[in-house]
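Novice: Quick one: structure below, then a few questions.
Quick note: the coordinates plus some simple rules give every number you see, no bench work behind them. What you see is a predicted model; the values in this text were computed from it and never measured. Every residue, glycine as well, gets a Cβ built from its backbone with ideal geometry; the counts of neighbours run over all protein chains shown.
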Amino acid sequence: MEMDENTLIEHLKQTNPEFRQLTEQHLQYERQLEEFNKLRYLTSEQEIEKKRVQKIKLRGKDRMAEILKEYKARLHK
């Protein structure tokens, strides 16, 4: 049975604790970045923090993609 990507993601959120945690963190980091983007100017400390959050968010997204890829590979065996 072939599942679409959104169905797989929802399944992983329900069955894989790491994936669920990563998606929750991803949303949290997204909200933080939205707050930074609302500011007209950033202090140097805010700029550094924004870059740090962007990097962490990207690492989490990469890990989620890796988990999804591994899961798809197991489905197709």
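Novice: Cβ-Cβ below 7 Å, separation at least six or inter-chain, first residue in region 53-65 and surrounded by 14 or more Cβ atoms within 10 Å (Cβ to Cβ), second among the β-branched types (Val, Ile, Thr): which pairs?
Specialist: From region 53-65, the pairs are Met64/Thr23.
Novice: When the residues of region 36-50 are filtered to those that are surrounded by 12 or more Cβ atoms within 10 Å (Cβ to Cβ) and in a helix (DSSP H, G or I), which remaining residue is nearest to the chain's Cα centre (by Cα)?
Specialist: If we take residues in region 36-50 being surrounded by 12 or more Cβ atoms within 10 Å (Cβ to Cβ) and in a helix (DSSP H, G or I), then Lys50 is nearest to the chain's Cα centre (by Cα).
Novice: Only one of these is within 11 Å of the chain's Cα centre (by Cα) and hydroxyl-bearing (Ser, Thr, Tyr): Tyr71, Tyr29. Name it.
Specialist: Working: Tyr71 fails: within 11 Å of the chain's Cα centre (by Cα).
Answer to the check: Tyr29.
Novice: Turning to a different aspect of this structure: Can you pull out every residue in region 15-26 that is surrounded by 13 or more Cβ atoms within 10 Å (Cβ to Cβ) and either more than 20 Å from the chain's Cα centre (by Cα) or touching a residue at least 40 places away in the same chain (Cβ under 8 Å) (or both)?
Specialist: Listed by number, the residues that qualify are Asn16, Phe19, Leu22, Thr23.
Novice: Going by the structure shown, is Lys77 under 14 Å from the mean Cα position of the chain (by Cα) and basic (Lys, Arg)?
Specialist: It is false that Lys77 is under 14 Å from the mean Cα position of the chain (by Cα) and basic (Lys, Arg).
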